[in-house]
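Worksheet for the structure shown next.
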């Protein structure tokens, strides 16, 4: 997450500027356009049209403290498992935290990382903090940290690294068939991270879309990477497993509605850059 990424999005949970769906100019060169006309209906429920859900899925950080039924949380994880994974290995796991003491332990880490990150971001990108469009997002980020212990559920999306081959005959065969250079690239730790990420974030997106369809608020966060060992220790995550996202989930205190994004004409390139 970056502070600047909140500009022009509905990262403020439906509060403040941008809640009416108007076209808004940001600090960047492009206009942000609403994904649906102002006042458009916001369908919810398992049968909600997927394109409508996509158009109205905001990052929702203000949550009510009311508990979320376990069966709904299981539906979110089930939706996440429907996403693709590398070679269909399905090495994902999801830790669903509802125990109040466990949530509070995560809250201590969350607030420490949030405080340090925002302090660094204010120095590195002061314009983001001065931009009035970013104010609702920053307010929502601070609100989430202050009220994190009240979060009804926190879902950690994890993915395991597949074991590396140890059989020298298999390694020799790989060198013969694909070459040492390609094998080195294949064994590069960065590739394992990329493979895990590409197998995790589609599932997280499914989880977020399912939450939105069921009327639940959620947002994707990666704060935990700044204190990865501490988060893994609290959650008991094994060494060969990486936490790729932490998603707070609850009933929305704000409202769903259209998001604002750059126009397609500004981001699409046909055939080459």
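The values are calculated or read from the model by the stated rules, or taken from the named source; none is laboratory data. Predicted, not measured: the structure shown is a model, and the values here were computed from it. Please note: Cβ atoms are built from the backbone with ideal geometry, for glycine as well, and neighbour counts cover all protein chains shown.
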- What is the one condition in (1) surrounded by 21 or more Cβ atoms within 10 Å (Cβ to Cβ); (2) closer than 24 Å to residue 115 by Cα; (3) out of contact with any helix residue (DSSP H, G or I) (no Cβ under 8 Å at 6 or more places or on another chain) that residue 224 does not satisfy? (3)
- With the first residue restricted to segment 152-165 and required to be over 18 Å from residue 203 (Cα atoms), and the second required to be assigned to a strand (DSSP E or B) and modelled with pLDDT of 95 or more, Cβ contacts under 9 Å at 6 or more apart or on different chains are 152/63; 152/248; 152/249; 152/250
- Here the residues within segment 91-101 that are surrounded by 15 or more Cβ atoms within 10 Å (Cβ to Cβ) and over 17 Å from the mean Cα position of the chain (by Cα) are 91, 98
- Query: What's the number of the condition residue 215 fails, among (1) assigned to a helix (DSSP H, G or I); (2) under 22 Å from residue 144 (Cβ atoms)?
  - Reply: (1)
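If I go through segment 97-121 residue by residue, how many of them are in contact (Cβ under 8 Å) with a residue 60 or more places away in the chain and either farther than 30 Å from residue 238 by Cβ or touching a strand residue (DSSP E or B) at 6+ places or on another chain (Cβ under 7 Å) (or both)? Steps first, answer last, please.
First pass over segment 97-121, keeping only residues in contact (Cβ under 8 Å) with a residue 60 or more places away in the chain: 97, 102, 105-106, 109-110, 112-114, 116-118, 121.
Going one step further and asking which of them are either farther than 30 Å from residue 238 by Cβ or touching a strand residue (DSSP E or B) at 6+ places or on another chain (Cβ under 7 Å) (or both), we end up with 97, 106, 118, 121.
Total meeting the criteria: 4.
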- Message: Looking at segment 117-136, can you tell me whether even one residue there is closer than 27 Å to residue 241 by Cβ, modelled with pLDDT of 80 or more and buried (at least 16 other Cβ atoms within 10 Å of the Cβ)?
- Response: yes
- Query: Which residues, counting only those in segment 242-256, are surrounded by 24 or more Cβ atoms within 10 Å (Cβ to Cβ) and not in a strand (DSSP E or B)?
  - Reply: none
- Mind counting the residues in segment 139-195 that are touching a strand residue (DSSP E or B) at 6+ places or on another chain (Cβ under 9 Å) and not in a helix (DSSP H, G or I)? 12
- Hits in segment 43-66 - residues which are touching a helix residue (DSSP H, G or I) at 6+ places or on another chain (Cβ under 9 Å) and surrounded by 18 or more Cβ atoms within 10 Å (Cβ to Cβ): 53, 56, 57, 58, 59, 60, 61, 62, 63
